[in-house]
1. If you take the beta carbon distance between Gln191 and Arg409 as r and set R0 to 51 Å, what does 1/(1 + (r/R0)^6) give as a FRET efficiency, to the nearest 0.05?
2. What number, rounded to the nearest 500 deg cm²/dmol, is the helix-based mean residue ellipticity at 222 nm of the chain, given -39500 (n - 2.57) per DSSP H run of at least four residues and division by all its residues?
3. Given H placed 1.01 Å from N in the peptide plane, which residues other than close sequence neighbours of Ser203 have an amide H under 5 Å from its amide H?
4. What size of dipole, in debye to the nearest 20, comes out for the chain about its Cα centre when the only charges are +1 on Lys and Arg C-beta atoms and -1 on Asp and Glu C-beta atoms?
5. Stick to Cα atoms and the Kirkwood definition of Rh, then tell me Rg/Rh for the range 174-312.
6. At R0 = 35 Å, how high is the FRET efficiency between Asp218 and Ala144 if r is their beta carbon distance? Nearest 0.05 is fine.
7. Can you list the equivalent-ellipsoid semi-axes of the range 72-194, largest first and in whole Å, using the square root of 5 times each Cα gyration tensor eigenvalue?
8. For the Cα atoms of the chain, what angle does the longest principal axis make with the long axis of helix 4-15, in degrees from 0 to 90, nearest 10?
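The values are calculated or read from the model by the stated rules, or taken from the named source; none is laboratory data. What you see is a predicted model; the values in this text were computed from it and never measured. No Cβ is skipped: glycine too gets one built from the backbone with ideal geometry, and neighbour counts run over all protein chains shown. The protein model used for the area step is the full one, side chains on, heavy atoms only, and it has no ligands, DNA or RNA in it. Shrake-Rupley method; radii C 1.70, N 1.55, O 1.52, S 1.80 Å.
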Amino acid sequence: MADAKSETQSSNQMWGGRFASGPDAIMEEINASIDFDKKLYAQDIRGSIAHATMLAHQGIISAEDKNKIVAGLETVLKEIESGAFEFSRKLEDIHMNVEARLATLIGPAAGRLHTARSRNDQVALDFRLWVKEELQKTEKMLTALITAFLDRAEEHADTVMPGFTHLQTAQPVTFGHHCMAYVEMFGRDRQRVRHAIEHLDESPIGAAALAGTGFPIDRHMTAKALGFREPTRNSIDTVSDRDFALEFLSIAAIAATHLSRLAEEIVIWSTPQFGFIRLSDAFSTGSSIMPQKKNPDAAELVRAKTGRINGSLIALLTVMKGLPLAYSKDMQEDKEQVFDAAESLELAIAAMTGMVRDMTVRVDRMKAAAGSGYSTATDLADWLVREAGLPFRDAHHVTGRAVALAEQRGCELAELPLVDLQAINPAITDKVYGVLTVEASVASRTSFGGTAPSGVRQQIAWWRARG
């Protein structure tokens, strides 16, 4: 590798002849991005190989120079992956670090690589490739989480539990149905990921600094070589666009919000007061002073990651909101937010998938809680509408009186004697007791998308067929 003096000279040469000396220490500190954008090394080298190949195909550089460039870039890639490559902050970013090393390896031919491109379209390409790959990874991880929930839903399609509104017992549901609510949430997240991949599937390389280039390049050739659907259509927008990064962060923030809601339920469910589930030791920790404690730390940390991811979205939105076209150096601040959010989201999805797969569901505790809080009151009101012909508002009033009586006596609705129910409304018969159990309640909810076990199994089958 070049010594410090030659690195500075190399940096100055890349800046161009206008600069007689390198930036001072403060400028170097604020300007350098190599500490984080070195993560883009594989995308940078891949893009350069495609660009060099296209230049040779178009007769812009010789085949001999192209072969030297490709061989040199492949050597650089091996050096980075083996850990032998020495990154230099004086060379500012991943592009200059790779190009400087390439020049050391192959000499003057390296200088031909940057023909018909700029660091503006180069970084747009590298970053877009990285985000596309990260979205593809996120899609697979969300699919694994969805599958984990489908497995638990199938296992517990008949397991009754209380359904809540305002965190107060509302109506009985099945745990399978509750699991399928998260399948829907994470299914929408996965669909957003797929749409984002479609939106960004355009190649920026060839837009150059902002106006395109006078060289006879073939942007469709490089787009195809890099796995893009087509090249971008406006060179100004190309180098100034970070919608793909913002879309990734917005998707990450929504998915993290779903993960956080689930994490909150896991924290609540695992308390002794609820006792609906037990987390495995793999996703729990103990207390340094209280030996009885088993803390849901993994769920709590997933919940906390949401704030971090949301912060990344707001940060990049703020960076981009006032930038005139086309490129501004402000946009260097885009990558750290995306890198951090991606790492946090990956970890959160992986942790949640593990917790869902190996948590123990306490069916007895769920069932016992399902009938609490007069959860079948709506079933009594519905029965009065169906069997006694009452308008629903009248049935609601009758049911409210029955609940008040049960509260006064400290019993459940199903434990009220028939004579007491008939004193409230004479149309009530002993047939009403058939709808006041939690099992009967959930079985009756057969409307499309309802909690009836038969409906839950239909939804599971639909999602499995969807893939």
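1. After rounding, the FRET efficiency stands at 0.50.
2. Helix contribution divided over all residues of the chain: -20500 deg cm²/dmol.
3. When sequence neighbours closer than 5 places are left aside, the close amide H contacts are Glu230, Thr232.
4. That gives a dipole near 500 debye.
5. 1.22
6. 0.35
7. They are 53, 15, 12 Å, listed largest first.
8. With both axes taken from Cα atoms, the answer is about 80 degrees.
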